[in-house]
Amino acid sequence: MKKLITLMAFTLSLTAYGQAWKTLPKGVRILGYRNVTTSKVKENYNQFRSGTPLGAQFRIDAGTLNSLANNIVIPGQDINSDAYNNFLVGEYKVDAEAQFNVQGLGFGYGITNNIMVYAQIAYYDAKVRTDIRRTKKNTYSQTGEILHGGNGGLADDTLADNMNNLPDVNEGVIQSAITNHYGYKPIGDWYGKGYDDMETGIMAKVIDRGVWGLMLYPGVVLPTGYQDDPDILQDVGFGDGQFDLFGEMATGYVVNDKLSFGTTLRYTYQAPTTKKLRIPESRDFTLSPNKGSFDVKYGDRINWMLSSTFFINDWVSFTPMYRFMYQMQSQYDSKYVDANEFLSYNSDKQEHQVQLTSTLSSIQPFLKKKFALPAQINMNLVKTVTGKNVPNVSRFELELRMLF
C-alpha cells in the first residue's frame, strides 16, 4: 500500500474574487472552509497510465521458490520440466480500497491593497479496507502424479512422495509470514485521522490593469502531517515529513461581464529529509524484514491550472477547470546501494484532472450595496482522468468563504 496510494492534495483557494490575480483589500479578512468526500479508491494509474487494482496479486510457484534459492535448480536437468512448470503453492490477491473525508480550514488577511498573507491546513479521516484471498489452491497432487509418471526413477518418486507432505499455504499462513517473518502488523482494515502538512504564504498583486493582472506568491509547506508507518502496509500518510518551498503565479483576462479566463502555475521544491524505511530486495517485491535510514529527496513538483468562468449574473457562475501535476523522480541515498535504486525506480508521478465548479456568491451584490454580507459557496466536482502512479479517484467538495 506504500506505493499504491498517493497522498491527494486538497488545496483550499483563498481567492474569493472572479479574477485569479485579485488580493484582499487592506484590513479585510477571509475565512474559508472546505469539506471533501472522495469516491472509493480501488485502482491506481500505473507507469503505463492504465488502471491497476489497489491490492496486489501474486503467486508462489516453483519459479518463485527457485529465485529465492538463487536459481540452483535447473528444470529439465535437476527436475522434470513438466513437474516444475506445474508446481504451484497458491495464487493470492489482496483486495483493497480506500476512501477519504477531508475538512480544510484557511485564513487570509489583507496587509495592503496589494499584499495578503494566508495559511491553511486540512484534517483527514481515512478508511482503508484490505483482505487477503486465495484464488488458486496448490497443485501438489497433480505435480506428484507427473513425477511418478516420468522417467526420473527413484529420485522423482521420492520427491513426489515428499511433495504430498508439504504444508498447505492458505491465507492464514501468508498473514503469519507477513507478521512473524517480515515484522509487519497484520493485514486488515485501517482507520486513520490526522492533519496534513500546513501551507502558509504571501500573495502579492503586482499588476492590475482592470481586465488582466498578475499575482505572485511564495510560500512554505510545514511538515505537520501524519507520516506513514513502515510497519503498517495498509496505512496512508497525510504528510510527507519535510519542508516544501514553492513559488506560484496567477494571471487571467476578463473578456466581458459574462466571461473571464484564469491560470496558475506553481513550482514546489521538496527539501531533503531523513526517514527510516523498509529495505526492499527488488524493484517488484518491496516486503522486507529489515529497516534502515535513508536520506530522501522527493521529486520537485509542477502544478498548472487553466480555467474559464461563465457568469450567469452577479450571484451565480460556473467554472470548468483543467489541472495538471507532474512530480519528478525521487532520490534515495543510504548505504544500501541496491535499495536506493529500487526505491527511486518509477517514483515520478503525473496527474490530469478536470473540475466543474458551481458558485453562489454575494460578493458582487455586497460591493454594489445590494446585500449585507459578502460570502461565497462553491460546489466542486473533480475527476482524475488519467495519470501515472496516482489514484483513479473522483471527489465532491463543498467550499464556504466569508469576508469580514
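The values are calculated or read from the model by the stated rules, or taken from the named source; none is laboratory data. These numbers were taken from a predicted model, which means no experiment stands behind them. Positions of Cβ are backbone-derived with ideal geometry, glycine not excepted, and every protein chain shown enters the neighbour counts.
Structure notes:
- Scan region 361-380 for residues that are in contact with a Phe, Trp or Tyr (Cβ under 6 Å, 6 or more places away or on another chain) and either part of a strand (DSSP E or B) or surrounded by fewer than 19 Cβ atoms within 10 Å (Cβ to Cβ) (or both) and the total you get is 1.
- Hits in region 174-185 (condition: over 21 Å from ASP125 (Cα atoms) and under 22 Å from the mean Cα position of the chain (by Cα)): TYR184
- Selection over region 218-252 of residues that are under 25 Å from the mean Cα position of the chain (by Cα) and either in a strand (DSSP E or B) or among the charged types (D, E, K, R) (or both) gives a count of 16.
- Single match in LEU343, LEU373 (criterion: touching a Leu at 6+ places or on another chain (Cβ under 9 Å) and over 30 Å from MET325 (Cβ atoms)): LEU373
- Cβ pairs under 8 Å, 6+ apart, first in region 247-270 and more than 20 Å from THR200 (Cα to Cα) and of a type in the set (Asp, Glu), second modelled with pLDDT of 95 or more and assigned to a strand (DSSP E or B): ASP257/PHE311
- Answer from GLY213, GLY172 - the residue that is touching a residue at least 24 places away in the same chain (Cβ under 8 Å) and among the small types (Gly, Ala, Ser): GLY213
- Just one residue in the set GLU341, GLU351 is of a type outside the set (S, T, N, Q), modelled with pLDDT of 95 or more and surrounded by fewer than 17 Cβ atoms within 10 Å (Cβ to Cβ); that residue is GLU341.
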